[in-house]
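As structure tokens, the structure follows; a few thoughts come after it.
Nothing in this text is a laboratory measurement; each read-out follows from the coordinates by a stated rule. Here the structure is a predicted model, which is why all the values come from computation and not from measurement. Ideal geometry is used to build each Cβ from the backbone, glycine not excepted, and the neighbour counts take in all protein chains shown.
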Amino acid sequence: MTPGAIRKRPRIGDVIEISTPMGLAYAHYTHRHDKPPKFGALIRVLPGFHKVRPVTFASLVQASAQFITFFPLGAACSRGIVSIVANEPLPEHAAVFPTFRSGARGKDGLVKTWWLWDGKKQWRVGELTQKMRAFPIRGVWNDTLLVERICSGWRADDVC
């Protein structure tokens, strides 16, 4: 994108700028999930905070994500909550739709049975393996939760 150009309708590969109390954070729009139930835009939140917008984003989008989540990106762009600042090709490690995990908490607050979901089907796995602990948590986050989790350094493997 050229400097100063603002596009409100997001496209796969867009780099999204998110203002936080700790500085500017960035996310990369990687997939759109439109099969029922529709989860919408999938973003990879990239590590780090910036005082000013970087000149280029090619190296930033190559980094491993702090976390991955669904986010109402179109609405957030239209309302000026986030901004599209660039478009970068998806790195190979982010091109495949990820496997997510979800689980219901018991009365003790712990998840005993986990489910995995690949965007099409869901299956029960019971307890998580070490590898599964790094899978993103399935859900759609609003901008308040997104900023809170970015600022706290939250990662999916914090939830087990």
Inset, instruction - Net charge near G23: determine it from the other residues with C-beta under 14 Å of the C-beta of G23, scoring Lys and Arg +1 and Asp and Glu -1. - result: +1
Inset, instruction - Pull up all non-local amide H partners of D14: gap of 5 or more, or a different chain, and H-to-H distance under 5 Å with H placed in the peptide plane. - result: Y29, E88
Inset, instruction - Considering Cα pairs under 8 angstrom that are at least six residues apart, work out the relative contact order of the range 1-143 and quote it in whole percent. - result: 24 percent
Legend entry - Whole-Hz ³J(HN,Hα) from phi, Karplus 6.51 cos²θ - 1.76 cosθ + 1.60, for the range 93-101, glycine and proline x: 5, 10, 6, 8, 4, x, 8, 9, 10
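Given Cβ point charges of +1 (Lys, Arg) and -1 (Asp, Glu) and nothing else, what value in debye, to the nearest 20, does the dipole of the chain about its Cα centre take?
Values: 23 positive and 12 negative charges, 96 e Å.
In total the dipole reaches around 460 debye.
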Legend entry - Options C151, T113, G74, ranked by Cα towards positive dipole end of the chain, top entry (Cβ charges): T113
Legend entry - Gain in span if fully extended, R155 to K51, counting 0.36 nm per residue against the direct Cα distance: 35.2 nm
Inset, instruction - Using the Karplus curve 6.51 cos²θ - 1.76 cosθ + 1.60 with θ = phi - 60°, work out ³J(HN,Hα) for each residue of the range 59-75 in order, rounded to whole Hz, and write x for Gly and Pro. - result: 6, 4, 6, 7, 5, 5, 6, 5, 7, 10, 7, 7, 8, x, 5, x, 5
Inset, instruction - Name the residues whose placed amide hydrogens come within less than 5 Å of the amide hydrogen of H33, ignoring near sequence neighbours (fewer than 5 apart) on the same chain. - result: F39, G40, A41, L42
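Quick one: net charge around I68, please, counting Lys, Arg +1 and Asp, Glu -1 for every other residue with C-beta under 11 Å from its C-beta. If you can, show how the numbers build up before the last one.
Numbers: positive: R44, R138, R155; negative: none.
Spelling it out: positives minus negatives among the neighbours equals +3.
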Inset, instruction - Treat each spin label as a single point 7 Å out from the Cα along the C-beta direction, and report the Q62 to E92 distance in nm. - result: 1.2 nm
